[in-house]
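Structure first, then comments.
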Amino acid sequence: MSGVAETGQKPPYTGLKAIELAEDVGGEFLGRMLAEMGAEVTKVEPPQGSPTRAIGPFVQGQEGPDASLNFWYYNTDKRSLVVAPEATAARLADLLADADVLIVSLQPARQAALGLDLNAIAAANPKLIVVSMTPYGLTGPWKDYAPSNLTAIAGGGPLMMCGYDDHAIPPVNPGGDQAYHTSAAFGHIAVLAALLDRQQTGLGQVIDLSMHSANALNTELGNPYWFYNGVNVQRQTCRHAQPVMTQPAMFQCADGSYVYYTLILADQHSWKILVGWMDEMGMAAMLTEPEFSDVVHRQQHMGEIQELVECFFLIQDGHEAYLEGQKRGLPIGIVNAPEELLEDEHLRERAFFVPVDTGTVAGTVLFPGDSYRFSAFSAVPKQRAPRLGEHGGT
Amino acid sequence: MNTMSSKAAERAAAYEAAAADPARRPRPSHGPLTGIRVADFCWMGVGACATRILADLGAEVIRIEDRNRLDMPRRLPINKTAGARAYGDEDPDPDPNAGGLFNNYNRNKLGITINMRDPRGQELCRRLISVSSVVTENFAPGVMERWNLTYDRVRELTPEPIMARMSGYGHSGPHADFKSYGPVVQAVSGLSYISGLPGREPSGWGLSYMDNMAAFYNGAALLMAIYHRNNTGKGTEIDVSAVEAGIGLLGPIMLDVTANGRKTRGTAYPLGNRIEHPHAAPHGVYPARGEDRWVAIAVFDDAQWQGLVAELGHLDWAADPRFAAQDARHANQDALDALVGAATAQRDRHDLMHRLQARGVPASAVQTSEDVVDHDPQIAQAGLFVELDHPVIGPAKFEGMPMQFSRTKVDYWRSAPLLGEDNRYVMTEVLGLSDDEYEHYVAEGVL
C-alpha cells in the first residue's frame, strides 16, 4: 500500500467542527489529531495567545507568539480565534451551536474562572461531544493539583521504570512531553467512541479524561507484574524494567553510536544467526564450539558471551551493523538521533517527512508526517500552525 | 506420568468449569461497536492491546490462536506463582491459561484455535472473515501473504472490509521486512536517544512504550475507519508503522532539527530530568526518605518557587542572587539541585508531594505500580482498575479506561478466554457448523 489514497474519499472528520480550549500541549495534540483528519478545529485563545506559544524552541532566533516551534508542532491545520477571557463563555455559546466537539484541557478552577459549566454546555447542545482532558480529571482529591509533564509521568508509574542500572541515579524522564502525548492518544480514542455512539443515537456526551489515569495505564509490564506476581519492577539502562536485573541490551559501536539488541540465549534460531555473523567477522571465538549450541551451557557462560558480543559491535559502524543484522533476520535497532532520521532510506522511500510552508524566515520546513495511513483516504495536506488571531479576534 | 496426568486433568477441569459458568457465555453486547465482528489475528502486545479497545466498546472480537505456537503473553512468567522473575525466564511447559499478561490484554474477547497448517483450518478462517467486517493482524511481514489473506483477498470474502496491519516499519519501503518490537522501535524512532543524562549512554525506556502507543494509535485508526465506513459505506486497509508513530512523538525537538538545523549528537543533549524549554528550575527528581524513593518537582514561575522554598524551610535561597529569577535558577541548576536534593532526602515522598501541592507547586511522588494500583486515592475514586474472575487465574485486576463517559457504557464482561474456550460457540453458532462437523474438526486437529 503506498499510503497515498486516490479514491476521492475525504478523510473521516471532514465536515466536523471542533472548538479547542487548551493551554497545554496535550489538549493541543488532540485538536491536531482531529484537524489532520479533516475536522475544522478552531483554537480559542486569549489576546496574549496560548501559553504554549511562549515556550521554545523558537524558529531561527525569532521571538513572539508566532515563532514557537513548540506551538508549531502541536497546532498544524488549525484556526486561531482570539477571545478575551471575560467574553469566552458568551462567545462559546455561539461557536458551539454548530460544533461537534469541544476540547477543554483547563483544570476545574480555570473552567470555573471562565464561567464554563461543561454539563450545562452539554445540556444546551445535545449533539455536542465535550471532552475534558485535564491533569487529574474533574473529580477526586487531586483534581486541583498543579500539573507538569514530569510530575504526571512520575505519578502514573512510567517514570519509576526508566533510568539507569545505577540506582543512585534517580529515575530519568523519557524525552518529550510523553505524559501529555499519552493523554492525547486516549483523548482521541474517547472522542471516537463518542462519535460512534452519536452515529447510533444522535446524542453527544461529556467525557472526563484524566492524564494521571492515562499514564497509570502506560506501564506495559509494570502493572501486570504487580497484579499477578505481586512484585515491583526495577529500572535498567534502556531496556525493560523487570523484577530482577538483566544483561545490558545496548551495545556501543565504533562510531560512538549504539545499537539495541537483546541477547535471548534460549532462542536457538537467533543464536545461530548471531554466531554465524560473528564468525564471518572473525569475532566468534569459542562460540562456534559445539557445547555452545546447548542453551544450558550458554546460560552458564552468559558473562563471557556478553563480552564477546560487546567486542563484536564495538568494531562495527552502528548503522551498518543495524542494516546487516536486520538483513540476517535479527531484531536489532540503531539508536537514532533526531537529525539522523532525515537520512533514513526507508523513511525517505515512504515520504514520511512532509514539507510545510511556514510563511516565516524558515521558509518550508519538514514536519513528521502521518502516524497512520489508509488506502481509502489521506490526511489533509499539512498546513502550518495559525498565527495568533489569524482567523479572527474579538 | 502421574504429575503430567494430574496436570492435564486440572487443565481439563478448568474448561468444564468455564463451560458451566453462564457469565462466561458470549452474549449480545451493547456499546458503540455493537454488531461489529472482528476476525482478530493479532498476538503479542501491540495487536492485543489495540483490539482490546474494540472489545471494550462492544465489538465481537474473535481472537484466532494457534495451539502449536502459543501467544507469548500466555507463556511469560507473569502469573500468580512465578514470583520475582524476568520475563525471559520462561517455564518449559507453562499453563497457557495461567498467563497474567494474556489475561490483561484479552478481556472481553472470544478465543478460538485454528490450525493454519491444515487447509481445512485456512478454509475456516476464510469463513470467519466472510461473516466479519474487520480483520486485524500484527504478524511479522509476509505471514498474511503466505495464507493469501491480503486486503484484496479479504475484500473478496466480505464486502467493504476494514483490515488493520500493525507493524514496526509499515508495509512499503526498503525496511518493510525488518523485525522489531517495542525497544527496537524506540531506538530507531529516536525516542531512546532523546532520553538520558548528558554525556552518558541513553537511558531510554524501561518499557515497550511504543507497543502501547502503537496499540492506542492502531485502536484509534480502527475506530476512525469504522466511523468512516458508517458514513460512506467504504472499507479501508490501514497501515500503521510503529517507527513513524514514534517519530511523531518526539515533539518540538524534531522541528528544532528541521527548522533550525540543530544537531543533537555530540552535544549536551538530552538533559535528563531538566528541560530546555521553558526555563523551569528546579525541574527534577529528588531523593526522598527510604530506599530508592523519589519525588518529582517542577517549578515554572516565581510563585511556585516561593512555595517551594517555604515548604523546604529555606527562605534564604530566595535571597540568593543565583536563584532570583527563573532564568537565573535555570542557569544555576547544578547548585540548585544539590540544595533541593539535600532538603528532600529525609522527607516522605507522598507527604512532601501533598504539602508542595497545597502551596501550588507541581510535585508528585515517583510512584511504583504498587503505589498506583493499591494506594492512590485519585486512581481509586476514578475506578481505573477493575476486577474480573478467571477460571484458572481466579480474581485479578485489569486496566480499565482512563476516561469516564456520561453516556457510553464500557462493559467489562469477561476475563480473557482460555485457549480455544469459544471454539464450539464460534464454529457452531457463528459459522453454522453442525455439532458433528465441529467434533470431527476437533478430532482431526483442525481446531
For segment A:78-95: of the residues being of a type in the set (A, V, I, L, M) and closer than 21 Å to A:MET37 by Cβ, which is surrounded by the most Cβ atoms within 10 Å (Cβ to Cβ)? A:LEU81
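For residues that are within 7 Å of chain B (Cβ to nearest Cβ) and surrounded by fewer than 23 Cβ atoms within 10 Å (Cβ to Cβ), tally how many sit in segment A:227-241.
Residues meeting the conditions: 5.
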The one condition A:GLY31 fails out of (1) buried (at least 23 other Cβ atoms within 10 Å of the Cβ); (2) more than 26 Å from A:PHE367 (Cα to Cα) is (2)
Residues of segment A:233-269 satisfying the condition of being over 25 Å from the mean Cα position of the chain (by Cα) and either free of Cβ contacts under 8 Å to residues at least 24 places away in the same chain or over 17 Å from B:ASP89 (Cα atoms) (or both): A:PRO243, A:VAL244, A:THR246, A:PHE251, A:GLN252, A:CYS253, A:ALA254, A:ASP255, A:GLY256, A:ILE264, A:ASP267, A:HIS269
Among the residues of segment A:333-377, write down those that are of a type in the set (Lys, Arg) and more than 29 Å from A:ASP317 (Cα to Cα). A:ARG373
Conditions: (1) of a type in the set (Asp, Glu); (2) within 30 Å of A:ALA67 (Cα to Cα); (3) not assigned by TED's automatic domain parsing to the domain that holds A:THR52. A:GLU390 meets all but one. Number of the miss? (3)
A:GLY26: passes all of (1) crowded, with 24+ Cβ neighbours inside 10 Å; (2) in contact with a Lys or Arg (Cβ under 8 Å, 6 or more places away or on another chain) but (2)
Filter pass, B:ARG27 being modelled with pLDDT under 95 and out of contact with any Ser or Thr (no Cβ under 7 Å at 6 or more places or on another chain): yes
Among the residues of segment B:218-242, count how many are within 7 Å of another protein chain (Cβ to nearest Cβ) and in contact with a Gly (Cβ under 6 Å, 6 or more places away or on another chain). 1
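Between B:ASP351, B:ASP374, B:ASP316, B:ASP327, which is within 10 Å of chain A (Cβ to nearest Cβ), in a helix (DSSP H, G or I) and out of contact with any Ser or Thr (no Cβ under 9 Å at 6 or more places or on another chain)?
Criteria check complete, one pass: B:ASP374.
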Just one listed residue, out of B:ALA281, B:ALA215, B:ALA245, is aliphatic (A, V, I, L, M) and within 8 Å of another protein chain (Cβ to nearest Cβ), and it is B:ALA245
All conditions in (1) in contact with a His (Cβ under 6 Å, 6 or more places away or on another chain); (2) over 20 Å from B:ALA288 (Cα atoms) are true of A:GLY155 except (2)
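Return a yes/no flag: does segment B:355-371 have any residue that is polar (S, T, N, Q), part of a strand (DSSP E or B), surrounded by 14 or more Cβ atoms within 10 Å (Cβ to Cβ) and within 12 Å of another protein chain (Cβ to nearest Cβ).
yes
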So which residues in segment B:160-175 are of a type outside the set (D, E, K, R) and either within 8 Å of chain A (Cβ to nearest Cβ) or not in a loop (DSSP other than H, G, I, E, B) (or both)? B:ILE162, B:MET163, B:ALA164, B:MET166, B:SER167, B:TYR169, B:GLY170, B:HIS171, B:SER172, B:GLY173, B:PRO174, B:HIS175
Every pair of residues 6+ apart whose Cβ atoms lie under 6 Å, when the first sits in segment B:316-337 and is modelled with pLDDT under 95 while the second is surrounded by 14 or more Cβ atoms within 10 Å (Cβ to Cβ) and not basic (Lys, Arg): B:ALA318/B:VAL309
Taking segment B:180-204 and the residues there that are in contact (Cβ under 8 Å) with a residue 12 or more places away in the chain, surrounded by fewer than 20 Cβ atoms within 10 Å (Cβ to Cβ) and not hydroxyl-bearing (Ser, Thr, Tyr), the one that is nearest to the other protein chains (Cβ to nearest Cβ) would be B:LEU197
Of (1) more than 10 Å from every other protein chain (Cβ to nearest Cβ); (2) touching a Leu at 6+ places or on another chain (Cβ under 7 Å), B:GLY400 satisfies all except one. Which? (1)
Kindly check whether there is at least one residue in segment A:40-51 that is closer than 24 Å to B:THR232 by Cα and hydrophobic (A, V, I, L, M, F, W, C). yes
Can you tell me which residue is surrounded by the most Cβ atoms within 10 Å (Cβ to Cβ) among those in segment A:193-226 that are more than 7 Å from chain B (Cβ to nearest Cβ) and touching a residue at least 12 places away in the same chain (Cβ under 8 Å)? A:MET211
Only one of A:SER105, A:SER68 that is of a type in the set (S, T, N, Q) and in contact with a Phe, Trp or Tyr (Cβ under 7 Å, 6 or more places away or on another chain): A:SER68
Might you check whether a residue that is over 25 Å from A:PRO147 (Cα atoms) and buried (at least 23 other Cβ atoms within 10 Å of the Cβ) occurs anywhere in segment A:169-191? no
What do you reckon, is B:GLY173 farther than 30 Å from A:ARG198 by Cα and touching a His at 6+ places or on another chain (Cβ under 7 Å)? yes
Restricting to segment B:236-266, what's the tally of residues that are over 26 Å from the mean Cα position of the chain (by Cα), farther than 18 Å from A:TRP72 by Cα and either at pLDDT 95 or above or of a type in the set (A, V, I, L, M) (or both)? 3
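Matching residues to (1) more than 23 Å from B:MET210 (Cα to Cα); (2) out of contact with any strand residue (DSSP E or B) (no Cβ under 6 Å at 6 or more places or on another chain); (3) touching a residue at least 12 places away in the same chain (Cβ under 8 Å); (4) not in a loop (DSSP other than H, G, I, E, B):
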position	(1), (2), (3), (4)
B:GLN122	yes, yes, yes, yes
B:VAL135	no, no, yes, yes
B:PRO141	no, yes, yes, no
B:LEU149	yes, yes, yes, no
Only one residue in A:GLY49, A:GLY64, A:GLY38 is without any contact (Cβ under 8 Å) to a residue 24 or more places away in the chain and either in a loop (DSSP other than H, G, I, E, B) or not assigned by TED's automatic domain parsing to the domain that holds A:SER375 (or both), so which one is that? A:GLY64
Note down all Cβ pairs under 9 Å where the first residue falls in segment A:1-17 and is within 9 Å of another protein chain (Cβ to nearest Cβ), the second is surrounded by 15 or more Cβ atoms within 10 Å (Cβ to Cβ) and at pLDDT below 85, and they're at least six residues apart or on different chains. A:PRO11/A:ALA5
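The values are calculated or read from the model by the stated rules, or taken from the named source; none is laboratory data. Since the model is a prediction, treat every value here as computed from it, not as a measurement. When we count neighbours, we look across all protein chains shown, and the Cβ atoms used for this are built from the backbone with ideal geometry, even at glycine.
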